[in-house]
Amino acid sequence: MKKLFSYYLLFNLVFPQNVTIKYPDFEENTLQNGLTTYVAKHTEQPAVFFKLLIPLGEFDLPSNQKGLASMTADMLSKGTQTYNADEFSEAIESTGGSLFASGADEYTTISGRFLKEDLSLGLELLSEMLIKPTFPKDEWKLLKRQASEAVKTWHSDAMTVALAHLYRLGFGDVPIGNIMTKSLLKNIDLKKMKSFHERLVPQNSIFVLIGDIEISKANELINQTFEAWKAVDSNQNRVNISFADINGIRFRLIDNPELEQATIGVGFKGIPSNHEERHALNLVNYIFGGHFSSRLNKTIRAEGGKTYGISSQWQSYRDFGVLGIMTSTRVEEVRNTYDLIINEMQKLVDSGITEDELVRAKSYITGSFPLRFESPTSYADRVASNNYYGFTMEDRKNVIINRNAVTLNKANEIARKYYSPENIILVIVGNQKIIKDKVSDIGSFDEAYYKDDPK
């Protein structure tokens, strides 16, 4: 108790609990087309950073078109009405800056970084790729050929296979429940890309610009950049996505006769990014399996010697979340490793975490969280994504305060609520001839082959 008190006192001296994250003063505006903009002056570097976030991604597509958002984003810089692909790349390289698009699950982004004297050109190029892409056939053929080569080997990594099947079992036949495979790639073509691009509209989109520039000049350039981006109906049709309500253990055994190890994946329902219990869950997950000295790693790696590493993760989205545990072990230890995972989950539920563990977790987060804001890019990313996820500026500033306010009782309530081992999805990838008898008494299971598309 004396040791805990000393550590708690040191924690409060070194890491005050009332620390707020300092953000630059962002000026917020809404353009006539519905685009929300945030602009801040930041003079530590003679450069300007920006990020455009459009809330349209893989989740807004039919389940059999997984990868369309990502590939459409890749094509935006492969030719516009003014530049072909080489000319576009050379224009960026001539400035020493960067400009790239990315299509993700929940949104599409375009990010840029330029010296302040090159900002006008950088924003012109952003406008070109956003509003005037031409989707050249020769560039599409090249991109599709590259994608075809990439999807041939998705099944070569056992953890990728385990995660793909876990998400399919947990979410079903929706975009997040699918992985891009050779069969799904056949469903993507230029017509669908152009159709997806037409749905990239300014309403509900966010543009953040921060750097060595006067606010008034930045707003002038922003208005010029997005003047031709017209507000139209985006035809959003995002389906409701949620992790399945599991009753008992839903178990899938995936055969890969070439493996000498077995990979274990466990999944269970989590919470969305902006859920009121997010601070407590973040701390509990950190203690349970979120760092190298976590409970899982200590018990299963350090003491048990069953694996080189194991972790638990909370993957959160705007409307839902999922918790997962992943590790690999020797085939002869697959059952013992699984049992240790379940035992640790049950111990967390039954006995909870300790005050010492909670204080140490708060200490780490209090010390490490501000390090995420080491550059203007970090602010641009955070402001754009936090706006999408529904956080206010006060939420952003008070993350450490709110996380340090979590009590031991609240943390243990969350542990009991979300980490029960009674209702889980379990996937094991390995050589069935060796591991099947070792795990068959866990419960009834279905079987799959590692090269087949998850179903």
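Every number in this text was worked out from the coordinates using simple rules, so none of it is lab data. Computed from a prediction, not measured in an experiment: that's the story for all the values here. Heads up, the Cβs are rebuilt from the backbone with ideal geometry, glycines too, and the neighbour counts pull from every protein chain shown.
Of the labelled figures [x] 52; [y] 69; [z] 61, only one reflects percent of Cα pairs over 27 Å apart as derived from the coordinates, namely [z]. Relative contact order of region 27-226, taken over Cα pairs closer than 8 Å and 6 or more residues apart, is 40 percent. Listed by chain and number, the lysines whose C-alpha is less than 18 Å from the C-alpha of Lys230, apart from same-chain residues fewer than 8 away, are Lys132, Lys194. Inter-part distance, region 116-144 to region 185-215, computed on C-alpha centroids, equals 11 Å. Could you tell me which of rounded, prolate or oblate describes region 249-449, using a ≥ b ≥ c as the square roots of the eigenvalues of the alpha-carbon gyration tensor, with rounded for a/c under 1.5 and, failing that, prolate when a/b is larger than b/c and oblate otherwise? It comes out prolate by the Cα gyration axes. Sites listed here are GluC sites (Glu not before Pro) in region 238-283 whose DSSP assignment is loop and whose Cβ has at most 14 other Cβ atoms within 10 Å: Glu258, Glu260, Glu276. What percent does the relative contact order of region 269-362 come to when contacts are Cα pairs within less than 8 Å and at least six residues apart? 31 percent. Helical runs assigned H by DSSP (4 residues or longer) give the chain a calculated mean residue ellipticity at 222 nm of -12500 deg cm²/dmol, each run adding -39500 (n - 2.57) before division by the residue total. The simple spin-label model puts a point 7 Å past each Cα toward its Cβ; for Thr354 and Lys417 those points are separated by 2.5 nm. The distance from the alpha carbon centre of region 46-69 to that of region 314-384 is 26 Å, rounded to a whole number. Counting only DSSP beta bridges with both residues in the chain, the antiparallel share comes to about 70 percent. Applying 0.36 nm per residue to the separation of Glu332 and Asp173 and subtracting their alpha-carbon distance, the gain on full extension is 53.9 nm. With the highest mean first, a sort of the peptides 380-393, 238-251 on other beta-carbon atoms found within 10 angstrom per residue produces 380-393, 238-251. Using just the C-alpha positions of region 27-226 as equal point scatterers, what log10 of I(q)/I(0) does the Debye formula give at each q in 0.10 1/Å? Per q value, in the given order, log10 I(q)/I(0) is -0.48. A straight chain from Glu90 to Lys132 at 0.36 nm per residue would run longer than the Cα-Cα distance by 13.4 nm.
Compared with the dominant Cα axis of the chain, that is its longest principal axis, helix 334-351 is turned about 90°. Shown here for region 330-400: GluC sites (Glu not before Pro) in loop regions (DSSP other than H, G, I, E, B) with at most 16 other Cβ atoms within 10 Å, namely Glu374.
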